[in-house]
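Written below as structure tokens is the structure these notes are about.
The values are calculated or read from the model by the stated rules, or taken from the named source; none is laboratory data. These numbers come from a predicted model, not from an experiment. Ideal geometry is used to build each Cβ from the backbone, glycine not excepted, and the neighbour counts take in all protein chains shown. Please note that ligands, DNA and RNA were not included when accessible areas were found on the heavy atoms of the full protein model with its side chains. Shrake-Rupley method; radii C 1.70, N 1.55, O 1.52, S 1.80 Å.
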Amino acid sequence: MRRWQSWWETLLESSQNNPPVFIELLMLSLAIALLGSWGMTEKWPYLVLSLSYAIGAALSSLVREAIAPSAQGRLTQATAVLLLLVSGLSFVELTRYF
């Protein structure tokens, strides 16, 4: 029980100290979960929603870095651009089937 309480307090503290990063992490976690659901069911709405969350998180991190640069800004920007490219190419491949 103590472990869960510590985890919950850490989660609350991170959401209060840096809300944009917390939301981006939440969106990426949902994207991964939905991608796993798509892998098991192969129903395309899961894939579309997963890619949408990934694109939203990447754009959010790019905007956040443009407004308030951080120490690891280059890494964050490179990761966001890579995520946008992969998601965009996945959308293009998805439209070929429909």
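Counting helices only, and only those DSSP H runs with n ≥ 4, report the 222 nm mean residue ellipticity of the chain as the sum of -39,500 (n - 2.57) divided by its residues, in deg cm²/dmol to the nearest 500.
-31000 deg cm²/dmol
Put a plus charge on the Cβ of each Lys and Arg, a minus charge on the Cβ of each Asp and Glu, and nothing anywhere else: the dipole of the stretch 20-97 about its Cα centre is then about 40 debye. Note on SER90: accessible area is roughly 40 Å² with a 1.4 Å probe, heavy atoms of protein only.
Membrane-span-like helices in the chain, defined here as complete DSSP H runs extending at least 15 Å along the helix axis by their C-alpha atoms with mean Kyte-Doolittle hydropathy no lower than -1.0, are 19-41, 44-67, 73-96; this is a sequence and geometry rule, not a statement about a membrane. Build a GNM of the chain with springs between Cα atoms under 10 Å apart, and of LEU83, LEU28, LEU11 the one that fluctuates most is LEU11. Taking the 1.4 Å solvent-accessible surface of the stretch 20-97 as the whole, the part contributed by carbon and sulfur is 73%. Here GLU24 sits with roughly 10 square angstrom of accessible surface, probe radius 1.4 Å.
Across the chain, the relative contact order, built from alpha-carbon pairs under 8 Å that are at least six residues apart, equals 23 percent.
Among MET1, MET40, the sequence by solvent-accessible area, most first, with a 1.4 Å probe is MET1, MET40.
For the chain, the solvent-accessible area works out to 76 Å² per residue, with a probe of 1.4 Å and every protein chain left in place.
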